[in-house]
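> Please read through the structure below; I'll follow up with questions.
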Amino acid sequence: MNTSPAIVQKMLRTYGRQLTSAKRLERFRRALLGAHGQDNISKAARRRELVSRVATEIIENLIVNGSENPVLLEIMDVLEREVGAHIMFEYPLDLGEVLILKETPVGPIEIRGDEKSRIMQLLWELTLARVDETML
């Protein structure tokens, strides 16, 4: 069976995109777990647990993929107002976790340590609040 090199190249490119997306999701999941931890589940917290699951999916799937979703754009606008600068999330292939970059007059700078944890926590809280507002 003869296979065109273009078909093989297209297949490898698709596989590469899927692999990159999976790596990004895993890195973001690890960073997010560090930001909000595990919630205790009780009878009164079923709604909170559901809101938490939806918020996690929004963060993992939309931010990781760079979506232009209106809910995500609203969350990012509020986050940027709170931080006071344009925030970007980067997922380099060779590093183990998400990078948060803040736009400055001299160019983007990487945010690390306590400030990174604070931004991840703020992102989590904003997403939870937005999901809670819109959920029936």
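Read-outs throughout are calculated quantities, based only on the coordinates presented, and are distinct from any laboratory measurement. Here the structure is a predicted model, which is why all the values come from computation and not from measurement. Methodologically, a virtual Cβ is constructed for each residue, glycine included, from the backbone with ideal geometry; neighbour enumeration extends over all protein chains shown.
> About the Cα centre of the chain, what is the dipole size in debye to 20, counting +1 per Lys and Arg Cβ and -1 per Asp and Glu Cβ, all else neutral?
I would put it at about 580 debye.
> Would you count, across the chain, every pair of lysines whose alpha carbons are under 24 angstrom apart, provided the pair is eight or more residues apart or spans two chains?
4
> Put +1 on the Cβ of every Lys and Arg and -1 on every Asp and Glu Cβ in segment 5-134; which of L25, Y15, S52 then has its Cα farthest towards the positive end of the dipole?
Final value for the positive-end residue is Y15.
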